[in-house]
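Asker: I'd like to ask some things about the structure below.
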Amino acid sequence: MQVPETLPLFLLTAILVPLLAGLVLLFGSNFAPFVRRIIGFFGFGWPFLMAMMFYCIYEPPVFGDYRFELKRPTGLESIGIYLHLGLNGISLPLFMLAGVVGFAAGLYAMYSKAERPHLYLALLLFMQGGLMGTFASVDVFFFYFFHEFALIPTFIMIGIWGGTARRKAAIEMTIYLTFGALLSLLGLIALYAQTGAGSFSFPELRDYIAAKPLEEIAQKNIFALLLFGFGILVSLFPFHSWAPKGYAVAPTGAAMLHAGVLKKFGLYGLLQIAAPLLPAGLSHWFPWMVWLALGNILIIGLITIAQRDIKMMLGYSSVMHMGYAFLGIATFSAVGVGGALLMMVAHGLSISLLFMLSTCIYHRSHTFDMHRMGGLATKAPVLCAFFVAGIMASIGLPGFGNFWGEFTIFAALAEMETTRWIVIPAALGIIISAIYGLRAVASIFFGRPGDAFAGHFKTTDIRDLRNYERFPAAILVVALVTMGLFPRILSDHADRELAKMYPSESILPAIDTTAYNKVTAKPEKEDAHK
Amino acid sequence: MTVTQSLLAALLTPLVSAAWICFFLRRKGVLASCVSVATAAAICVFSFMALQGSQGQTVAFAWDWLNLGNFNVRAGFLFDGNAATMLSMVVVVGFLIHLFSLGYMKGDKARARFFGGLSIFMFSMIGIVLADNLIMIYVFWELVGFSSYMLIGHYFETEEARAASKKAFIVNRIGDVGFLVGIVFAYWHFGTTDLAELEALVSVNKELISGSIAAFLMCGFIGKSAQFPLHIWLPDAMAGPTPVSALIHAATMVAAGIYFLIRIVFLFPVEVLDLLAYLGTAVALYAGLCAYGQNDIKKILAYSTLSQLGYMTAAFGLGQPGIAFFHLITHAFFKALLFLGAGSVIHGCHHEQDIFRMGGLLKRMPVTSITFFIGLLALCGIYGLSGFYSKDAILIAGEMNDQWVFILLTLGAFLTAGYMGRLFWVAFLGAPKSESALQAQESPFIMLLPLLLLAGLSIAGGFTDFWPEHLGGLIKENLDSLHHAQGYGHAHHVVLIAGSAAWVVGLVGSFFFYGAGAGEDRLERKFGPVYNFLKSKLWFDEIYDSYVAKVQQRLAGLLSFLDIFLIKGLFVCGSAAMIGLVGICARSLHVGSIHGYVYWFLAGLILFWVAAIGLF
């Protein structure tokens, strides 16, 4: 099918419409709430609509790697930078994720009781524009640019609307993430310089490297920069400390978009750029990736169990689940990377759902301390149902998308004799997540009312989920269940793309389990030298 | 309709019903219960249409679920003789329990949630029964775990249900981890997880059988069927409504573990089978003993379920999967009957569950009492009732293969008769011990009807000859081979005598020991230490609890502290502080006072001079 000329322009509108809506709202301090919501609805609804439309008309590209390609000069052609947009089987699921989560977050944010709501919505819309751009970019420069573009509003939003100790968290998160972004930028530039392709475009870089592979030492070093740079952005153990606190204080909209979508930038970078272009680098750093990812799963998992604060618990759980995605990418096979991709999408949906619901719970309990809650299900059964759905999704119950991600990653790990043992410690994570997930449900919703509610239950009427909370939650749950029942709607397109990028036979070395036992204990130092 | 369509309809109708109830009938309890019961009836119809259509032929059907690289997951049905037998049992018992629930749950505030949960459960259970590959079994396996969680937590306001639902799910998850690992290993070991293909592969090449994979897969069974050491969740699961206990925690879900083993019987090497035989025997004895320490009518039945599951496991381990399956089916009938009877009693006694506070129910609830007694006799294996045939077969298999297993299982049969006798004599005979027992009333007809029907099945369920055609292929086959095995005649006589002695001594002994309608436990009064020992259940709960509190929680706390102190405090803040320190030092050079600059100038000058004359 010939793509009509105008279609790629619609891809551009998915980025521009939220930005424009944000700009309008920026100067809209006098707008009536109604007008504000209309603009916001349009700004978030349009990318969502576009994402759905592009999915429906997507067909695997016949020539080249991307559909709906749009290439515009930017004035930087001399160094090979174009505004190059397009979608393929790997970016499409993430593009949809950004559309869906953005829409849900936007709907919820429109009714939030934040001060200066026009500014709040405007910043969220800027984030949304950046997110759509990140996953629609074919050009590495813009891929990076849009990410930073979406990152900055996050910091501002935490600084203005965050919870207690927001300033400290905002600064810590800013410095940490900027450092990570800087490392990955260095890596990307080094990659650009080393290949000598004179282009920032994914497919061109790939073709260039396929023709003339990089030297092994260069691959190793560049991969390290990318791994730890992106790793910081994705909260790879032990570079995770920005995440739980940052998410705990972030305003709901920002937490949803960041934890749900923006964080996937790093993983996307790893699976789209670092792993396929630098296979020797991956195989060198493979043991590191495995040990650190196991640190994410087991150590952070246990830490999650110890949390009493619901948002900290969710923040840590999000860190923990990133470990699976890292393991999936580390296997360097279409199965593992495909699993990581499914995991990224499903986790994005479930964690943003849970962050949103935890705010809903807070509005009813006025505390984040789970031990002080209890018995909320009698008053808010719908909230309870959604929360249980979110938790069940996040702990990988079949029927939700997350299950396919985890399961496929386990399958990929078991494929090779040498990495088979990793399945066993990694699978222990599903017990750990069941423990903290069900404990949270039990202590918030079941049992007798805790002291946070004891008074309220009698005096004020604690209401069940309102419509403006129910609707975004329903969008996310429907997306999760759809993915869980029909994983092929995403995996088939991805599979076709991954088959091109990843070999069917593995290249990974065996891990000597004794030599690396100390890795998890002191990885911080190693990073500082890079 | 073709067979496949009927099966799909049987599988998906309850899902649709659950979704409908969840989204639209949340506040309409009556309508929701009607929808759910109608669904259960529809499943029966669809299942029997499938049964009729298949004519005993195996029907297989699959479509792609997920393809990534060389990893392919399919979803499909393998509707063979075993699946047909299991499906028939599940839908019939399921329907009767749905019917019973109409009466039992009348007046419950959250009826819609309850019946929605039952529908989800039927969906997941039928999924397990029909699934044609390990991955699909795992999917539905987890889903039954979820529906069990949801239904145990039905009375979530109570502390008991809150803890029990969580415990059931987590303990099952522990087993499922092993199951999952087994599946992914099996996938690459055999190149498939399709049951039919696996069987074909293994039958060609016996070398392919792997003990470790079988052991991993067995973990799933241990969790779901509540075998040692993951048995602790089942007694606690009695916190759910009684129909749930009957359906999920006695008749179907816990037995799904055995069914799963039967589905993959060809993957088991002899060593793992032996392990299972001893495991099952140990559980049968252990649970039988624990039942003596319980006063709660449902808990006694729960331990009885554990013990009977042990019998099934032992039979499977003895290499007689068909006989295990036979006991599964008959057990489903009489145990569902017993649980529903207990439900009727609890309903009649205004939620009194302590047997020593009942008494005299025979007069007040005659139908319930008599049907309960029939179930009891079937469970004890009285000659002519369904339980006799299956238990007899297990004991014969034991006698012929392993004397120790036989002796211990016979002892288990004696224990079974003893604790069941204790329950019946104390709760149903004598005089009422409490106000609630005094005012007990016979349950409404809607609850008695399932009891009567199940009593019929408990009596006649053991006559495999009268089963519908095409059902119970493996069972009949195994029974046949057992009957024609060498030494059968001798074993049969031994078992007939030993088995009969076991139940006679058990029932009569408990009558004289405890006394009809006793108000207190004589064992507790006379032999306190023994009773306390039995009540302690070998302290498994305490051991696990202290592991969680002392080890896991402390480790989590320690790691959490290290995370904040070491990683965040020392590394992150430390490096930030280092940079800050450099800043402070640099800033201190610019104090803005002329004195300061003079001193620095002097210091610089000296440094320069020292360098210039080459002191370093």
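Asker: What is the residue count in region B:423-454 for residues that are in a loop (DSSP other than H, G, I, E, B) and buried (at least 22 other Cβ atoms within 10 Å of the Cβ)? Spell out how you get there, then give the answer.
Answerer: Looking only at region B:423-454, we keep the residues that are in a loop (DSSP other than H, G, I, E, B), and these are B:429-434, B:439-444.
Cutting the leftovers down to buried (at least 22 other Cβ atoms within 10 Å of the Cβ) gives us B:433, B:440, B:443.
Residues in region B:423-454 being in a loop (DSSP other than H, G, I, E, B) and buried (at least 22 other Cβ atoms within 10 Å of the Cβ): 3 in total.
Asker: Here is a further query. Scan region B:234-244 and give yes if some residue there is assigned to a helix (DSSP H, G or I) and more than 30 Å from B:Leu118 (Cα to Cα), otherwise no.
Answerer: Taking every residue of region B:234-244 in turn, none turns out to be assigned to a helix (DSSP H, G or I) and more than 30 Å from B:Leu118 (Cα to Cα).
Asker: While we're here: Name the residues in region B:516-543 that are crowded, with 16+ Cβ neighbours inside 10 Å and either hydrophobic (A, V, I, L, M, F, W, C) or touching a residue at least 60 places away in the same chain (Cβ under 8 Å) (or both), would you?
Answerer: B:Ala516, B:Gly517, B:Ala518, B:Asp521, B:Leu523, B:Tyr531, B:Leu534, B:Lys537, B:Phe540
Asker: Moving on. Could you tell me which of the residues B:Phe100, B:Phe77, B:Phe71, B:Phe95 is surrounded by 19 or more Cβ atoms within 10 Å (Cβ to Cβ) and within 14 Å of chain A (Cβ to nearest Cβ)?
Answerer: Answer to the selection: B:Phe71.
Asker: Now, a different point. Return the residues of region B:156-189 that are within 7 Å of chain A (Cβ to nearest Cβ) and not in a helix (DSSP H, G or I); say none if nothing qualifies.
Answerer: B:Phe156, B:Glu157
Asker: State the number of residues belonging to region B:97-117 that are in a helix (DSSP H, G or I) and within 18 Å of A:Pro381 (Cα to Cα).
Answerer: 7
Asker: What pairs come out if I take residues in region B:557-574 that are facing chain A (nearest Cβ under 8 Å) and pair them with residues that are part of a helix (DSSP H, G or I) and surrounded by 14 or more Cβ atoms within 10 Å (Cβ to Cβ) whose C-beta lies under 6 Å away, six or more apart or interchain?
Answerer: Between residues of region B:557-574 that are facing chain A (nearest Cβ under 8 Å) and residues that are part of a helix (DSSP H, G or I) and surrounded by 14 or more Cβ atoms within 10 Å (Cβ to Cβ), the close pairs are B:Leu559/A:Ile299; B:Leu559/A:Leu302; B:Leu559/A:Ile303; B:Ser560/A:Ile303; B:Asp563/A:Ile303; B:Phe571/A:Glu524.
Asker: If you don't mind, there's one more thing I want to ask. Looking only at region B:251-302, how many residues end up being over 25 Å from B:Phe146 (Cβ atoms) and in contact with a Pro (Cβ under 7 Å, 6 or more places away or on another chain)?
Answerer: Matching residues across region B:251-302 total 1.
Asker: Looking for something within 7 Å of chain B (Cβ to nearest Cβ) and part of a helix (DSSP H, G or I) - is there at least one such residue anywhere in region A:384-391?
Answerer: no
Asker: Would you be able to tell me the number of residues in region A:59-89 that are assigned to a loop (DSSP other than H, G, I, E, B) and either crowded, with 17+ Cβ neighbours inside 10 Å or in contact with an Asp or Glu (Cβ under 7 Å, 6 or more places away or on another chain) (or both)? Walk me through it before giving the result.
Answerer: So the first thing to find is which residues in region A:59-89 are assigned to a loop (DSSP other than H, G, I, E, B), and the list is A:59-66, A:74-76, A:80-81, A:88-89.
Subsequent filtering for residues that are either crowded, with 17+ Cβ neighbours inside 10 Å or in contact with an Asp or Glu (Cβ under 7 Å, 6 or more places away or on another chain) (or both) retains A:61, A:65-66, A:80-81, A:88-89.
Summing the residues that are assigned to a loop (DSSP other than H, G, I, E, B) and either crowded, with 17+ Cβ neighbours inside 10 Å or in contact with an Asp or Glu (Cβ under 7 Å, 6 or more places away or on another chain) (or both) in region A:59-89 gives 7.
Asker: Report yes if some residue within region B:127-137 is β-branched (Val, Ile, Thr) and free of Cβ contacts under 8 Å to residues at least 60 places away in the same chain; otherwise report no. Lay out the reasoning, then the answer.
Answerer: Step one: of region B:127-137, the residues β-branched (Val, Ile, Thr) are B:128-129, B:135, B:137.
Those still in the list that are free of Cβ contacts under 8 Å to residues at least 60 places away in the same chain too: none.
Scanning region B:127-137 turns up no residue that is β-branched (Val, Ile, Thr) and free of Cβ contacts under 8 Å to residues at least 60 places away in the same chain.
Asker: Return yes when A:Ile171 is within 14 Å of another protein chain (Cβ to nearest Cβ), under 30 Å from B:Phe561 (Cβ atoms) and not in a loop (DSSP other than H, G, I, E, B) and no when it is not.
Answerer: So A:Ile171 passes the test.
Asker: One residue is enough: does region A:118-139 have a residue meeting the conditions within 14 Å of another protein chain (Cβ to nearest Cβ) and part of a helix (DSSP H, G or I)?
Answerer: No, that holds for no residue.
Asker: Among the helices (runs of 4 or more DSSP H) confined wholly to region B:455-560, which include 2 or more residues that are hydroxyl-bearing (Ser, Thr, Tyr)?
Answerer: B:488-514, B:528-536, B:540-546
Asker: Taking region B:148-197, which residues are within 25 Å of B:Asp541 (Cα to Cα) and of a type in the set (Ser, Thr, Tyr)?
Answerer: B:Ser148, B:Tyr149, B:Tyr155, B:Thr158, B:Ser165
Asker: If A:Phe332 passes every condition in (1) within 14 Å of chain B (Cβ to nearest Cβ); (2) part of a helix (DSSP H, G or I) but one, which one does it miss?
Answerer: Exception for A:Phe332: condition (2).
Asker: Between A:Met313, A:Met322, which is more than 14 Å from chain B (Cβ to nearest Cβ) and buried (at least 24 other Cβ atoms within 10 Å of the Cβ)?
Answerer: Every option except A:Met322 fails the conditions.
Asker: Search region B:106-150 for residues being among the charged types (D, E, K, R) and facing chain A (nearest Cβ under 10 Å), and hand back the single one that is nearest to B:Val16 (Cα to Cα).
Answerer: Among them, the one singled out is B:Arg113.
Asker: If B:Gly614 satisfies all but one of (1) under 43 Å from the mean Cα position of the chain (by Cα); (2) modelled with pLDDT under 85, what's the number of the condition it fails?
Answerer: (1)
Asker: Select the helices (runs of 4 or more DSSP H) contained entirely in region A:232-299, then report the ones holding at least 1 residues which are among the hydrophobic types (A, V, I, L, M, F, W, C), away from chain B (no Cβ under 14 Å) and farther than 17 Å from A:Phe355 by Cα.
Answerer: Details: elements: A:242-249, A:252-257, A:264-269, A:279-294.
By residue number, A:264-269, A:279-294.
Asker: Going through B:Ala282, B:Ala342, B:Ala315 one at a time, which residue ends up being buried (at least 24 other Cβ atoms within 10 Å of the Cβ), farther than 21 Å from B:Leu507 by Cβ and small (Gly, Ala, Ser)?
Answerer: Working: B:Ala282 fails: buried (at least 24 other Cβ atoms within 10 Å of the Cβ); B:Ala342 fails: farther than 21 Å from B:Leu507 by Cβ.
B:Ala315 is the lone residue from the list that is buried (at least 24 other Cβ atoms within 10 Å of the Cβ), farther than 21 Å from B:Leu507 by Cβ and small (Gly, Ala, Ser).
Asker: Follow-up question, since we're still on this one. Could you tell me whether any residue of region B:201-209 is at pLDDT below 95, charged (D, E, K, R) and not in a helix (DSSP H, G or I)?
Answerer: The initial filter retains those residues of region B:201-209 that are at pLDDT below 95, namely B:201-209.
Add one more test, that the residue is charged (D, E, K, R), and what stays is B:206-207.
Subset that is not in a helix (DSSP H, G or I): none.
Looking through region B:201-209, none of the residues is at pLDDT below 95, charged (D, E, K, R) and not in a helix (DSSP H, G or I).
Asker: Determine whether B:Val367 is surrounded by fewer than 23 Cβ atoms within 10 Å (Cβ to Cβ) and more than 22 Å from the chain's Cα centre (by Cα).
Answerer: The answer is yes for B:Val367.
The values are calculated or read from the model by the stated rules, or taken from the named source; none is laboratory data. What you see is a predicted model, and the numbers here were worked out from it, not measured in a lab. As a convention, Cβ positions derive from the backbone with ideal geometry for all residues, glycine included, and neighbour counts pool all protein chains shown.
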